[in-house]
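The values are calculated or read from the model by the stated rules, or taken from the named source; none is laboratory data. Just so we're clear, the structure is a prediction, and the values are computed from it rather than from any experiment. Backbone-built Cβ (ideal geometry, glycine too); neighbour counts: all protein chains shown. Side chains are part of the model used for accessible areas, which takes the heavy atoms of the whole protein and leaves out ligands, DNA and RNA. Shrake-Rupley method; radii C 1.70, N 1.55, O 1.52, S 1.80 Å.
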Amino acid sequence: MSITEQLPRRETAPGRKLPDTAPAGFTTSTGTFHPQQAAPDMSDLAARVRSLMALQQQHVLQLPLGGRFFDIVVTAGGTQAYAALTVMDAIQHTGDDQPDACGPVIEDPHRSWLIWLVPPGTSEHWAPHRHALCLGHPHHIALPPMTTTEPPGPYWLRPCRGDRLVPPTALRQLLDQFQPGPPPHETLLGTVLSTIA
């Protein structure tokens with residue numbers, strides 16, 4: 001049986017006259033499309049999609065800070081920073097959470113840094129702090145693959161979850177309380193963020 005015989009047919013009522021229609025016509029464009037003609041937001045969207053696909057494939061992800069993603073707060077590592085992390089676990093814990101309920105935190109053991117992922121726009125309102133540095137746009141960061149949860153190299157000390165970031169107000173209070181070592185200088189930090197992973 002042919003394909004046309006398998007398809008249902010709609011019968012035309014006897015005596016009904018169908019209007020005349022012009023035959024379909026197609027034209028070929030001779031113009032040339034240049035990538036720079038694409039809308040800037042579409043170009044940005046494409047770059048973000050490629051980056052997220054690379055992260056799923058366990059590659060390092062280069063991501064701009066700010067925008068729709070996150071800013072970061074960088075502190076020294078060590079005992080005092082871990083104490084603040086433990087309290088943040090308790091602050092962000094809900095009934096269904098694992099004990100390590102804090103929002104995403106990256107540890108860079110080579111530089112002895114903790115990198116706390118906070119809501120985008122935090123850097124615009126973050127007052128200078130003796131024990132932390134907050135960065136957003138126009139900096140970029142290299143995120144380690146999602147499955148990297150231990151050294152060597154930067155790794156997720158607390159996993160990247162889809163339902164939370166680290167609350168900056170609570171974080172600032174904990175940094176005041178535990179006072180981890182001095183944060184890196186902003187100029188130094190800005191030059192290495194895109195290569196930490």
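Listed values, structure above:
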item	result
Qualifying residues in the stretch 90-100 (those that are at pLDDT below 90 and either of a type outside the set (Asp, Glu) or within 22 Å of the chain's Cα centre (by Cα) (or both)) - the one least open to solvent (accessible area, probe 1.4 Å)	Asp97
Set Val74, Val118: member being buried (at least 17 other Cβ atoms within 10 Å of the Cβ) and without any contact (Cβ under 8 Å) to a residue 60 or more places away in the chain	Val118
Close pairs (6 angstrom Cβ cut-off, 6 or more residues apart or separate chains): within 12 Å of Pro104 (Cα to Cα) and of a type in the set (Val, Ile, Thr) in the stretch 164-180, open to solvent by 30 Å² or more (accessible area, probe 1.4 Å) and not in a helix (DSSP H, G or I) anywhere	none
Meets criteria (more than 22 Å from Pro184 (Cα to Cα) and outside any loop (DSSP other than H, G, I, E, B)) for Asp96	no
Residue check for Val87: open to solvent by 40 Å² or more (accessible area, probe 1.4 Å), within 27 Å of Glu124 (Cα to Cα) and at pLDDT below 60	no
Residue under evaluation Ala127, criteria (1) in a strand (DSSP E or B); (2) free of Cβ contacts under 8 Å to residues at least 60 places away in the same chain; (3) of a type in the set (A, V, I, L, M); (4) surrounded by fewer than 22 Cβ atoms within 10 Å (Cβ to Cβ), criterion not met	(1)
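So that you can scan it fast, the table gives a plain yes or no per residue for (1) surrounded by 14 or more Cβ atoms within 10 Å (Cβ to Cβ); (2) closer than 16 Å to Pro180 by Cβ:
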{"position": "Thr79", "(1), (2)": "no, yes"}
{"position": "Leu135", "(1), (2)": "yes, no"}
{"position": "Ala142", "(1), (2)": "yes, no"}
{"position": "Thr149", "(1), (2)": "no, no"}
{"position": "Pro152", "(1), (2)": "no, no"}
